[in-house]
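The values are calculated or read from the model by the stated rules, or taken from the named source; none is laboratory data. Quick caveat: nothing in here was measured; it's all calculated off a predicted structure. Neighbour counts run over all protein chains shown; Cβ positions are idealised from the backbone, glycine included. Remember, those area values only see protein heavy atoms, side chains included, never the ligands or the DNA or RNA. Shrake-Rupley method; radii C 1.70, N 1.55, O 1.52, S 1.80 Å.
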Amino acid sequence: SEEEEEDEQEEEEEEEEVNGGGSSEAEGIRKLAKVIEKFGEVYARVEAEKQRQMIELEKQRMKFAKELECQRMQMMVEMQVQLEKIKRAKRSDSNGETMLCLILPLIL
């Protein structure tokens, strides 16, 4: 009879371990789910920040490209102005030489 009581007691203890283990297992699963959820939130924030930084970099790149294009256009305009000045100077030089060629024989 004592053996039966001991067997019953052991069975009850095993049952408590299984139920208790199940309870702590469920608690472990809940904790894991919370951790996964938190990880997801952190990951989403990191990705959002990465996206924001990429947009900011793209804006800076576009601004730089625009400034570079403006400088290029300015240089082109300045070059055209300089070429026109050179052409005018050559024309006036050649006109001056032509006039000189026409006037010199008359003087001599």
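Quick notes on this one:
- Candidates K85, K90, K38, filtered to the one that is modelled with pLDDT of 95 or more and out of contact with any Pro (no Cβ under 7 Å at 6 or more places or on another chain): K38
- Which numbered condition I103 misses (of (1) open to solvent by 80 Å² or more (accessible area, probe 1.4 Å); (2) modelled with pLDDT of 95 or more): (2)
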